[in-house]
Amino acid sequence: MHEAGVVGVFSEPGAAARAVGALRAAGGAEVRLAMPGPFTGPSAALGRPRSRLGWVTFLGALAGMAAGIALTVGTSVAWPLVTGGKPIVSLPPFVIVIFELTVLFGSLVNLAALVVAAWRGERRRPFPALDRFRADRIGVFAAGGDPALSERILRDAGAEEVSRVG
Amino acid sequence: MTTGAAFLRIEELVRATHRRPGAGYLALVLLSAAAAAFGGWCWALMIRDGMWRTGLNRPVNWGTFITNFVFWVGIAHSGTLISAILLLFRARFRTAVYRVAEAMTVIAVTTAGLFPVIHLGRPWLAYWLFPYPNQRGLWINFRSPLIWDVFAVSTYLIVSTIFLLVGIAPDAAALRVRAGGWRRRFYGFFSFGWRGTGEQWRHYTRAYLFFAAFATPLVVSVHSVVSWDFAVSIVPGWHSTLFPPYFVAGAILSGLAMVLTLLVPMRRLLHLEPLVTPRHLDMLSRLLLLTALVVAYFYAVEYALSLLRGPLPERSTFLDRATGRYAPLFWMMLAANFAGPLLLFSARVRRSPKALFFIALGVNVGMWFERFIIIAGSLSHDRLPFLWRGYAPSWVELGITLGAFGWFFFWFLLFVKLLPSVSIAEMKVQAVEEAPRDA
């Protein structure tokens, strides 16, 4: 059983953005979105803060840098073979490997963070009947609050369909 | 047309590319699979009989295989240029073409990665290139450019694969809605549980930007590292600080040429003309022209520096390139990489897909010649005149080269039939942005 609320179906991102704004202004219901593309209007109207994924990615990149330094310096010291008369710890060539590992770890952690954040967001703010919202329509879900008021706001904003769930 | 209808039309156009393949498509798949199989057989011969099957000998110990490696790494570059760098620059024309470029990147890096292994002669020892704890306490030499290559190319393959798959997820989820049977399960797998909620998009758009930010310096680093394979040596014709930007520009030129070579027939065969419009081809051909001019500038600087200021062996090598045994390849390279793209100053040529196709094909050939001349041309004309000796690839090397093209086209053809070759989600955003304001 899904949590109770009202779903509005929109074909225009602009209308969906208006609905989101009006529902938030009315208060009472928690507003959620589902859409087939990253439309900026409805997302901005939702007023959610910018994803903090970047911090996790940054830490991943730092870990990659540390791993790169440890690998190049550590293995060179562990097997100290002089080549070309260069120092055992030759930082300029090591920077290349350190850079590559920084990018690699940063990207992998970015991916892992995206998967976890998307999964957690979905668990915390689920959206009912998603199929059509992945294809050609934008869904606005008013969870909780006064269903009659939500229905009226969604219709006034130009929803093609409005239905109660839960 | 309403926005919802425009969304459906975009989806239908992409879905139509996945319809039952025609005889022409199947013939191309068979042809490329046969070429790949022939290449595999040639490689098997080389493994069985040894390196004498190749034309490699002193002083030319790097030949067609390393030429192919540099060529395919270069091809891989424009994918990231178009998808990541143009994303950061907010160039909207990339939307319709970047998926093809990204797929091309991943397949080209995979192809490139085969060649150092083939070149080893004993491919079963390829794992020696990677650092791993062992009982003898030996570690790889991080001061060697070949090890930089291992790290750069592996990282590039992993990051560009992630970038491609993350981009595909929302599109596969959209296609899954109206799909049935095995296709529904297939799209379901590649959608990775994508649901398209506001929360998912909030994190996705941010993460995508970071992938682009990582990929941008990576693309510059990878071909710079490849160029250092040559530049850190003292071979005349290789030992130059010009090499990193020269190689990166050349890589972008060859990659753009390959995108056009693939895109022009593909948009026609898969009926993607409404999405990949003449404007997209025009913008790509302008980029091609720009990079061709940059590469021509590097050719001029390279020659000017060596002939006016360079030491005698350097001058001798560069004169040999233009007048010696590889001179026909050199002049064909100049014609294909410089004279051909100059035609793109004409708007009429840029509007003609057929002309674009042949100019791009010419650049592909020219860029292969360029790498061959740099590698074999420099080694065959080293510092010691008594060691000057020509090199010609054996039929086994040419067979493996043909096999690489077969391998590349085989996977690319499978890709366009199985996965969305245009970004549906971003095309929908573009449709909204381009719709009349009062709609």
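Please report the spacing between the Cα centers of the range B:301-359 and the range B:377-421 in Å, no decimals.
Between the Cα centres of the range B:301-359 and the range B:377-421 lies a distance of 20 Å.
Given points 7 Å out from each Cα along the Cα-Cβ axis, report the A:E3 to B:R348 separation in nanometres with one decimal.
6.6 nm
For the residue pair B:A339 and A:V116, what label-to-label distance in nm results when each label sits 7 Å from Cα along the Cα-to-beta-carbon direction?
Label at B:A339, label at A:V116, 5.9 nm between them.
Hey, what did the range A:14-136 get for relative contact order, percent, Cα under 8 Å, at least 6 apart?
34 percent
For the protein assembly as shown, what is the largest minus smallest coordinate of the Cα atoms on each principal axis, given in angstrom and ordered from greatest to least?
94, 59, 47
How would the range B:1-102 be classified by its alpha-carbon gyration tensor: rounded, prolate or oblate, with rounded meaning a/c under 1.5 and the a/b versus b/c comparison settling the rest?
Since a/c reaches 1.5 but b/c is at least a/b, the shape of the range B:1-102 is classed as oblate.
Which FRET efficiency value, to the nearest 0.05, is calculated for B:Y25 and A:V82 with the Förster distance at 45 angstrom and r the Cβ-Cβ distance?
Computed FRET efficiency for B:Y25 and A:V82 comes out at 0.20.
Which whole-number percentage describes the relative contact order of chain B, with Cα contacts under 8 Å and a sequence gap of 6 or more?
RCO, chain B: 33 percent.
For the pair B:Y299/A:L149, report the inter-label distance in nm, with labels modelled 7 Å from Cα in the Cβ direction.
In this crude label model, B:Y299 to A:L149 measures out at 7.2 nm.
How far, in nm, would the chain grow between B:W331 and B:R178 when pulled straight, counting 0.36 nm per residue and subtracting the alpha carbon separation?
49.7 nm
With the contact rule set at Cα under 8 Å and sequence spacing of 6 or more, what percent relative contact order holds for the range B:66-204?
After rounding, I find 19 percent.
According to the square roots a ≥ b ≥ c of the eigenvalues of the Cα gyration tensor, what is the shape class of the range B:283-412, taking rounded for a/c under 1.5, prolate for a/b larger than b/c otherwise, and oblate for the remainder?
Since a/c reaches 1.5 but b/c is at least a/b, the shape of the range B:283-412 is classed as oblate.
Would the range B:204-284 count as rounded, prolate or oblate if I go by the C-alpha gyration tensor, calling it rounded below 1.5 in a/c and otherwise prolate when a/b exceeds b/c, oblate otherwise?
oblate
To the nearest Å, what is the center-to-center distance of the range A:25-89 and the range A:106-150, using C-alpha atoms only?
The distance from the Cα centre of the range A:25-89 to that of the range A:106-150 comes to 22 Å.
Select from B:D49, B:D171, B:D320 the residue whose mean-square fluctuation is largest in a Gaussian network model of chain B (Cα-Cα springs shorter than 10 Å).
B:D49
Using Cα atoms only, what is the angle between the long axis of helix B:145-177 and the major principal axis of chain B, expressed in degrees (0 to 90) to the nearest 10?
20 degrees
For the pair B:A5 and A:R123, what calculated FRET efficiency results from E = 1/(1 + (r/R0)^6), where r is the Cβ-Cβ distance and R0 = 45 Å, to the nearest 0.05?
Given R0 = 45 Å and the Cβ-Cβ separation, E is 0.85.
Taking 51 Å as R0, compute the FRET efficiency from the Cβ-Cβ separation of B:W128 and A:R164 and round it to 0.05.
0.20
Take B:S144, B:S346, B:S421 and order them by how many other Cβ atoms sit within 10 Å, fewest up front.
So the ranking, lowest neighbour count to highest, is B:S346, B:S144, B:S421.
Coordinate-derived values only; no laboratory data. Everything quoted here is computed from the prediction, not taken from an experiment. All Cβ positions, even for glycine, are placed from backbone atoms using ideal geometry, and neighbour counts span all protein chains on display.
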